[in-house]
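The values are calculated or read from the model by the stated rules, or taken from the named source; none is laboratory data. Since the structure is predicted, the reported quantities are computational estimates derived from the model, not experimental observations. Quick reminder, even Gly has a Cβ in these numbers, built from the backbone with ideal geometry, and neighbours come from all protein chains shown. Please note that ligands, DNA and RNA were not included when accessible areas were found on the heavy atoms of the full protein model with its side chains. Shrake-Rupley method; radii C 1.70, N 1.55, O 1.52, S 1.80 Å.
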Amino acid sequence: MAMGKILSSGPILLFLLYLVALVSLPADAAVKRYQFDVQVKNVSRLCHAKPIVTVNGMFPGPIIYARDGDRVVINVTNYAQYNMSIHWHGLKQLRNGWADGPAYITQCPIQNGHSYTYDFNVTGQRGTLWWHAHIFWLRATVYGAIVIMPKQGTPFPFPLPYREINIVLGEWWNNDVEEVVKQGNKLGLPPNTSDAHTINGKPGPLFPCSEKHTFAMEVEQGKTYLLRIINAALNDELFFAVAGHNMTVVEIDAVYTKPFTTQAILIAPGQTTNVLVQANQAPGRYFMAARPFMDAPLTVDNKTATAILQYKGIPNTILPILPKLPLPNDTAFALSYSAKLRSLNSPLYPANVPLKVDRRLFYTIGLGINPCPTCLNGTRLTASLNNITFVMPHIGLLQAHYFNIKGVYTADFPDRPPQPFNYTGAPLTANLGTTSGTRLSKIAFNSTVELVLQDTNLLTVESHPFHLHGYNFFIVGTGIGNFDPAKDPAKFNLVDPPERNTVGVPTGGWTAIRFRADNPGVWFMHCHLELHTGWGLKTAFVVENGKGPDQSILPPPKDLPPC
């Protein structure tokens, strides 16, 4: 009898236990699981069919949806002939560099036929980020959006849009990208530029055979739409505009901004920008368009990618209107647009700018020429920070640091260039040699860092988008010409500067960023132009462990790919 009572109350007991478990779980924490199969697929663009590396056969790849507070588990299985690693761009990976993804920095790549599970928490972040291959030039086709929603019940600090649309800007080569790069490296020269830009993988009808390769979004009169815009291009900063419609910028790199209205945005490789667009024009078809910004005497793929914003009920026979994009070399627009970006800095979303600086760094960005007996001119183009061209190791730097493996890197990257010069004066064409090495900078845990990135006129000035892994930073100042440590800091914005993970250093100018080194690990910092990264325009910070129990690097996962 007693036994029967226990049995019949079993389901009730289970239900009560389930309720207790529900109450003890954070209301909005969930585990989001994804399977990424890296596989080669034939894709046709611009009248050319070719095999490209994809995730799950999709180009662009799948969108990752998560919420602030979620755990994200992504199992990546590599069926392609190339080694693979994937970076979750802009996710801070607190104490968990093993999930960051840059090959030979935080992991060795996933070999053909093998898998690795990226397992990480989304903590205190919401907005638009993205993921991409982080080895060779494979991010030409291996990339996709990451959409992080705020915690349940937390509204956006701007009017709720009727719908959201991801706009991922990219590049397309008719030839095999890896072969294009190999050819360039063999000659010691830049490889051929891309054959088209793309919007959501499609170049749009201004290119041959591309009528059917055009992205279109339908809008309803009077409704507001949130465009989550990502620049996944390998080598081009891009202007983006929607014909006849203004855009209100509300977020950059997953950080809310003070809203402002603009006819066009500038977005560098690696950056994301969220804009609100109101469908408040005469019903019709309007082109969205993207084309490069380049204000230095260098070759770019200067063609315009288009997509279509189409009002509901309008037939496809109506010809779309083209937007007025800034001219490709419109420096004034680029500088004035960047100057409008400000952190929201509200009570809910404060801008915690470090006001006291523990460590001041000054890095010059230079192009150079080193001997190369097998190259076309007997020389090879190269790039450097503080005249050091970074040499990639053969095992992950994070492993070398964590397991104290000697001989992989040195922690002696200089805090300033070996010799000061007039960085942005007349073009310098003498003494263009650089030194090579795997040299890193060691940073004390929780120290505050100010880093000034200074463009130089070694060969030519050029705009460089720099991405720091593991952190956001505040862009406290920027200017044209040489940074003046006596005068320029007085003009820094320490109240509401923009907070990002990727910053454009202006052509022939400088940018000053600040961050608190509160995330232990080895964190890559590099130019997000793939061309320059390949030439050595990169370094990494070794952020030491703190003293507290939750201030040191987590142990590596069991399935970390071997070297």
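Below, the figures for the structure above:
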{"item": "Test result for N352, outside the structural domain of P191 (by the TED database), at positive phi, at pLDDT 95 or above and assigned to a loop (DSSP other than H, G, I, E, B)", "result": "no"}
{"item": "Residue within segment 99-117 that is closer than 22 Å to T273 by Cβ, in contact with a Pro (Cβ under 7 Å, 6 or more places away or on another chain) and of a type outside the set (D, E) present", "result": "no"}
{"item": "Matching residues, segment 224-238, being in a loop (DSSP other than H, G, I, E, B) and polar (S, T, N, Q)", "result": "N235"}
{"item": "Leading residue by the ranking (farthest from T198 (Cα to Cα)) among those in segment 285-316 that are β-branched (V, I, T), open to solvent by 20 Å² or more (accessible area, probe 1.4 Å) and modelled with pLDDT of 95 or more", "result": "I314"}
{"item": "Criterion (assigned to a loop (DSSP other than H, G, I, E, B) and among the small types (G, A, S)) met by exactly one of A334, A296", "result": "A296"}
{"item": "Inter-residue pairs, beta-carbon under 7 Å, first under 17 Å from T106 (Cα atoms) and in segment 129-152, second of a type in the set (D, E) and open to solvent by 10 Å² or more (accessible area, probe 1.4 Å), 6+ apart", "result": "F136/E178"}
{"item": "Number of positions in segment 213-235 that are open to solvent by less than 10 Å² (accessible area, probe 1.4 Å), closer than 24 Å to F466 by Cα and not hydrophobic (A, V, I, L, M, F, W, C)", "result": "2"}
{"item": "Checking L266 against (1) at pLDDT 95 or above; (2) open to solvent by less than 10 Å² (accessible area, probe 1.4 Å); (3) under 22 Å from the mean Cα position of the chain (by Cα), the condition it does not meet", "result": "(2)"}
{"item": "Residue in segment 221-242 that is more than 27 Å from Q310 (Cα to Cα) and in contact with a helix residue (DSSP H, G or I) (Cβ under 8 Å, 6 or more places away or on another chain) present", "result": "yes"}
{"item": "Per-region count, segment 358-371, residues closer than 23 Å to H464 by Cβ and over 23 Å from the mean Cα position of the chain (by Cα)", "result": "5"}
{"item": "Segment 116-142, subset outside any strand (DSSP E or B) and charged (D, E, K, R), residue nearest to the chain's Cα centre (by Cα)", "result": "R139"}
{"item": "Qualifying residue in segment 122-130 (condition: touching a Pro at 6+ places or on another chain (Cβ under 9 Å), on the phi > 0 side of the Ramachandran plot and modelled with pLDDT of 95 or more)", "result": "yes"}
{"item": "Qualifying residues in segment 328-347 (those that are of a type outside the set (S, T, Y) and out of contact with any strand residue (DSSP E or B) (no Cβ under 9 Å at 6 or more places or on another chain)) - the one nearest to V277 (Cα to Cα)", "result": "A332"}
{"item": "Failed item, numbered, when M84 is tested on (1) touching a helix residue (DSSP H, G or I) at 6+ places or on another chain (Cβ under 8 Å); (2) open to solvent by 40 Å² or more (accessible area, probe 1.4 Å); (3) among the aliphatic types (A, V, I, L, M)", "result": "(2)"}
